[in-house]
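To start, the structure itself, in structure tokens.
The values are calculated or read from the model by the stated rules, or taken from the named source; none is laboratory data. What you see is a predicted model; the values in this text were computed from it and never measured. Methodologically, a virtual Cβ is constructed for each residue, glycine included, from the backbone with ideal geometry; neighbour enumeration extends over all protein chains shown.
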Amino acid sequence: MERNFLVTTTVPARIEDLPRSQVQRRILIVLVAAQGLSGAGLAAGVTVGALLAQDMLNSTSLAGLPSALGTAGSVLAAVAVGRISQARGRRPGLAAGYLAGAVGSAGVIAAAVAGNPVLLFFALFVYGAGMSTNLQARYAGADLAAPARRARAVSTVLVATTLGGVVGPNLIAPTGDLAHTLGIPHLAGPFLLAGAAYAMAALVLAIWLRPDPLLLARALKAERTAAAYAQPGDASGRPRPTVERRRSGVLVGALVMVLTQLAMVAIMTMTPIHMHDHGHGTAAPGLVIGIHIGAMYLPSPLTGWLVDRYDRLTIAGASGLILLAAGIVAASAPGDSVAPLAVALALLGLGWNFGIVTGTAIVTDAVPLATRAKTQGLVDVAIAIAGATGGMASGFVVAAAGYPLLAIGGGILALAIVPAVAAARSR
């Protein structure tokens, strides 16, 4: 008997019509490419910003000011990127932030050429937009991720920063030589790399981050809500979290990230200055900061798996203990030795990674899609303020009491995460 088989193949007319998992993979690929570029911009400025200010101002006590200004600028950027993303989606928000970082990099170069500290400080403020955007991009990776894989999605975006973050500091000497050839001060050279990297990251997102993950997540949520309108729970059958639980989750996640950022920025900012004061050239601090930034991002896949597999609060508590260990090692390291400081900065990066991945997952779990981008932007404002505080205070602490006291103080401050997490668990 003859059989006729009717084969039907549905070919999506638009990317948005692909299965959610395929769209998520595409979005993560684009975010990974952009983060790899922006990581170079982030690392270059972090490494030499303090040295450039010290050279122009001839003062160690104000060497933490560039970090403070950069992170203060990221406060404004966090609000702006969050609001743009809330209104128009992640693509325009993130692209605008990276473009501002490129403009700030160009301003730093102009200030160094002119020898103008006021222009330098203003440019570093604008440059902070790139720093903030680099961090906010992690939220875009989680928009379409299932809750059970949310931390791994965040970690995938974070780990992409490793390539640029490790390569950037080690290009200080070549970019300095290029700057000298162009008639630009040597220490401003890395900002040539930063400007180009941020501009390319903005271009990648503007062209290829389609569909927009946040807008698509909202559309899918609206469809599920409509289908389950008559049910007492949400579309997954679980009861909706109360407002109190959401608020508690946001506060706990924000606190973990704020303390993590404060301790990390304070110790990281003054480590190149500490090494420079003990006779090291630019290569050794570049290596140490490169290791530090690698530790901030490279462990992300493992961290994401741990956070998704085990209790989020447990991993958050571990971040405080790791940061304390980093402070102890940095405080006891001889100033003329590179290896102990490299170990300390590696622990500092790992503790930061644990805190950021965990805090991001906690906040994203707690915030509904309707207000997600705006709330995440406000959380990152608190993180940026913490970074600005740590960067600004670090110079004064080192000038008054020395680097070891700064390091041990930062570790003890981060340890406050542990009782905060214990209190959250008991609630």
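Brief remarks on what is shown
- Note on region 335-353: residues that are over 16 Å from Tyr297 (Cα atoms) and surrounded by fewer than 24 Cβ atoms within 10 Å (Cβ to Cβ) total 6.
- Looking only at residues in region 371-383 that are touching a Leu at 6+ places or on another chain (Cβ under 9 Å) and farther than 15 Å from Leu255 by Cβ, the one that is surrounded by the most Cβ atoms within 10 Å (Cβ to Cβ) is Ala373.
- Considering residues of region 268-292 that are aliphatic (A, V, I, L, M) and out of contact with any Leu (no Cβ under 8 Å at 6 or more places or on another chain) only, the residue surrounded by the fewest Cβ atoms within 10 Å (Cβ to Cβ): Ala283
This table checks each residue for (1) of a type in the set (A, V, I, L, M, F, W, C); (2) in contact with a helix residue (DSSP H, G or I) (Cβ under 7 Å, 6 or more places away or on another chain); (3) not in a helix (DSSP H, G or I).
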site	(1), (2), (3)
Leu324	yes, yes, no
Leu350	yes, yes, no
Ile362	yes, yes, no
Gly377	no, yes, no
Ala386	yes, yes, no
Gly391	no, yes, no
Ala400	yes, no, no
Pro404	no, yes, no
Ile408	yes, yes, no
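- Neighbours by Cβ (under 8 Å, 6+ apart or cross-chain): first from region 149-162, under 26 Å from Tyr198 (Cβ atoms) and in contact (Cβ under 8 Å) with a residue 24 or more places away in the chain; second surrounded by fewer than 24 Cβ atoms within 10 Å (Cβ to Cβ) and among the polar types (S, T, N, Q): Ala153/Gln24
- When region 416-427 is filtered for residues that are within 25 Å of the chain's Cα centre (by Cα) and either surrounded by fewer than 18 Cβ atoms within 10 Å (Cβ to Cβ) or free of Cβ contacts under 8 Å to residues at least 24 places away in the same chain (or both), the ones remaining, listed by number, are Ala416, Val418, Pro419.
- Number of positions in region 171-195 that are surrounded by fewer than 17 Cβ atoms within 10 Å (Cβ to Cβ), out of contact with any His (no Cβ under 7 Å at 6 or more places or on another chain) and in a helix (DSSP H, G or I): 5
- All of Ala137, Ala202 fail the test of being closer than 20 Å to Val363 by Cβ and in contact with a Leu (Cβ under 9 Å, 6 or more places away or on another chain), apart from Ala137.
- Yes/no for Ala123 being surrounded by fewer than 24 Cβ atoms within 10 Å (Cβ to Cβ) and in a helix (DSSP H, G or I): no
- Filter pass, Thr162 being under 21 Å from Ala110 (Cβ atoms), β-branched (Val, Ile, Thr), at pLDDT below 85 and in a helix (DSSP H, G or I): no
- Of all the listed residues (Ala325, Ala382), the sole one being out of contact with any Ser or Thr (no Cβ under 8 Å at 6 or more places or on another chain) and over 25 Å from Ala80 (Cα atoms) is Ala325.
- Tyr310 buried (at least 21 other Cβ atoms within 10 Å of the Cβ), closer than 25 Å to Arg152 by Cβ and out of contact with any Asp or Glu (no Cβ under 6 Å at 6 or more places or on another chain): no
- Pairing residues of region 203-231 that are at pLDDT below 90 with residues that are hydroxyl-bearing (Ser, Thr, Tyr), at Cβ distances under 9 Å and at least 6 apart in sequence or on separate chains, gives Arg224/Ser236; Ala228/Ser236.
- Remark: Ile356 matches the filter, which requires a residue to be surrounded by 24 or more Cβ atoms within 10 Å (Cβ to Cβ), touching a Lys or Arg at 6+ places or on another chain (Cβ under 9 Å) and either at pLDDT 85 or above or closer than 21 Å to Thr314 by Cα (or both).
Quick grid of which residues meet (1) closer than 21 Å to Gln35 by Cα; (2) β-branched (Val, Ile, Thr); (3) modelled with pLDDT of 90 or more:
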residue: Leu69; (1), (2), (3): no, no, no
residue: Ala77; (1), (2), (3): yes, no, no
residue: Gly82; (1), (2), (3): yes, no, no
residue: Ser85; (1), (2), (3): yes, no, yes
residue: Ala110; (1), (2), (3): no, no, yes
residue: Asn116; (1), (2), (3): no, no, no
residue: Leu120; (1), (2), (3): no, no, no
